[in-house]
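> Below you will find the structure I want to go over with you.
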Amino acid sequence: MHQPPRTARSPYAAVLAGLLLVTAGCGSESGTGDTAVPSPDLDGVWTLTAAPFDLLDTHPITLTLDGDKASGRSACNSYSGAVAGTADTVAFSGLAGTEMACSPASVMHLEQTYLAALQSVGTATRTGDVLTLDGPAGTMTFAPEPPVADAPLAGTRWRLDSILAGDTASSVLSAGVGIRFADDGSVRGSTGCRDFSGSWRRTGDRIALADLVWTPPVPCTDRMAEQDGVVLGVLETGSTASVEGRLLTLSGHGGAGLVYRAG
């Protein structure tokens, strides 16, 4: 393993433009014309428990509502968008998500069906701990998502879930991209084009990697090379680290960031 010359590195701030968020739907509103923020009673993290289509226990669907923002996990990918409404109506728009492929095909079919149903929702009601969304596609019922304990930073196998560029996210181009922080201060990982190792140190919410060495990159497509540059850029320049449940977010300079999922 060797250190590549600094002139060979891609400036990660420049290549973020090539890793844009992929739209998961047309983003049209359901025709209500509402622009108000929905009732705060709807806010929370919800798990889909019943729907007019088959659900998969192995790939849960979640919905997080926070004012006029909606996000969650659509069986396979992460998604986000806007939500507007009044006391009687609600409309989801601009839904977009990452573009990771999942198998079997039933997972991707479930994701597409859910996102289409969500964009057609017209009303939302909450009764106790039950959230109900109704629309032409039928009724979807949600329950509060149970709290998840934060995974430990060290000793957890983190798989890269998405790459952040400001308020947008892009999908990961290889399933083998990840990082692992060991209790002895060592770190190992992969960008998708090359493996790396070194040492790490955390001070408060700041995490710094040092003594990085990596294998020569394998032949990669242009987009994979862009991903390689972004990952290395965030890791080499130092970042803030935050763990929420099963997600680890490393935030670098200029709005660049990496979101890893435990497992």
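> Is it the case that LEU115 is over 26 Å from ASP54 (Cβ atoms) and either open to solvent by 50 Å² or more (accessible area, probe 1.4 Å) or not in a loop (DSSP other than H, G, I, E, B) (or both)? Quick ask: steps written out before the conclusion?
Values: over 26 Å from ASP54 (Cβ atoms): no; either open to solvent by 50 Å² or more (accessible area, probe 1.4 Å) or not in a loop (DSSP other than H, G, I, E, B) (or both): yes.
No.
> Mind checking which residues of the stretch 35-54 are open to solvent by less than 40 Å² (accessible area, probe 1.4 Å), under 14 Å from LYS69 (Cβ atoms) and under 21 Å from the mean Cα position of the chain (by Cα)? Please lay out each step first, then the result.
Initial filter on the stretch 35-54 (open to solvent by less than 40 Å² (accessible area, probe 1.4 Å)): 38, 42, 44, 46-48, 51, 53.
Next, only the ones that are under 14 Å from LYS69 (Cβ atoms) stay: 38, 42, 44, 46.
Once the filter is applied, which keeps residues that are open to solvent by less than 40 Å² (accessible area, probe 1.4 Å), under 14 Å from LYS69 (Cβ atoms) and under 21 Å from the mean Cα position of the chain (by Cα), the stretch 35-54 yields GLY44, TRP46.
> Another question, then. Against the condition in contact with a Pro (Cβ under 6 Å, 6 or more places away or on another chain), touching a residue at least 40 places away in the same chain (Cβ under 8 Å) and under 20 Å from LEU48 (Cα atoms), how does VAL90 come out, does it pass? Give the derivation first.
Numbers: in contact with a Pro (Cβ under 6 Å, 6 or more places away or on another chain): yes; touching a residue at least 40 places away in the same chain (Cβ under 8 Å): yes; under 20 Å from LEU48 (Cα atoms): yes.
Yes.
> Let me ask something additional. Which residues, counting only those in the stretch 93-110, are in contact (Cβ under 8 Å) with a residue 40 or more places away in the chain and not in a strand (DSSP E or B)? Steps first, please.
So in the stretch 93-110, the residues in contact (Cβ under 8 Å) with a residue 40 or more places away in the chain come out as 93-100, 102, 106-107, 110.
Within the stretch 93-110, THR98, GLU99, MET100, CYS102, SER106, VAL107, LEU110 qualify.
> Moving on to the next point. Can you name the residue in the stretch 63-80 that is in contact (Cβ under 8 Å) with a residue 40 or more places away in the chain and open to solvent by 20 Å² or more (accessible area, probe 1.4 Å) and, of all such residues, is farthest from GLY245 (Cα to Cα)?
Applying the filter and picking the extreme gives SER80.
> Can you tell me which residue in the stretch 227-248 is most open to solvent (accessible area, probe 1.4 Å), limited to those that are among the β-branched types (Val, Ile, Thr) and in contact (Cβ under 8 Å) with a residue 40 or more places away in the chain? I'd like the intermediate steps shown before the answer.
The first filter runs over the stretch 227-248 and keeps only residues among the β-branched types (Val, Ile, Thr), leaving 230-231, 234, 237, 240, 243.
Checking which are in contact (Cβ under 8 Å) with a residue 40 or more places away in the chain leaves us with 230-231, 234, 243.
Values: VAL230: 0, VAL231: 0, VAL234: 0, VAL243: 31 Å².
Restricting to residues being among the β-branched types (Val, Ile, Thr) and in contact (Cβ under 8 Å) with a residue 40 or more places away in the chain, the top hit is VAL243.
> Which one of these does ASP184 not meet: (1) open to solvent by less than 50 Å² (accessible area, probe 1.4 Å); (2) at pLDDT 95 or above; (3) of a type in the set (D, E, K, R)?
Of (1) open to solvent by less than 50 Å² (accessible area, probe 1.4 Å); (2) at pLDDT 95 or above; (3) of a type in the set (D, E, K, R), only one is false for ASP184: (1).
> Now for a separate question. Residue by residue through the stretch 124-152, note down the ones that are in contact with a Leu (Cβ under 8 Å, 6 or more places away or on another chain), in contact (Cβ under 8 Å) with a residue 12 or more places away in the chain, surrounded by fewer than 18 Cβ atoms within 10 Å (Cβ to Cβ) and not charged (D, E, K, R).
Matches in the stretch 124-152: THR139, THR141, ALA143.
> THR141 is checked against (1) closer than 30 Å to LEU48 by Cβ; (2) not in a strand (DSSP E or B) and fails just one. What number does that condition carry?
(2)
> Can you name the residue in the stretch 62-80 that is in a strand (DSSP E or B) and among the charged types (D, E, K, R) and is also nearest to the chain's Cα centre (by Cα) among such residues?
Going residue by residue through the stretch 62-80, those that are in a strand (DSSP E or B) are 62-66, 69-74, 77-80.
Add one more test, that the residue is among the charged types (D, E, K, R), and what stays is 66, 69, 73.
Details: ASP66: 16, LYS69: 15, ARG73: 8 Å.
Taking the candidates together, the pick is ARG73.
The values are calculated or read from the model by the stated rules, or taken from the named source; none is laboratory data. A quick note: this is a predicted structure, and the numbers were derived from the prediction, not measured. Ideal geometry is used to build each Cβ from the backbone, glycine not excepted, and the neighbour counts take in all protein chains shown. These accessible areas exclude ligands, DNA and RNA; they are computed on the full protein's heavy atoms, side chains included. Shrake-Rupley method; radii C 1.70, N 1.55, O 1.52, S 1.80 Å.
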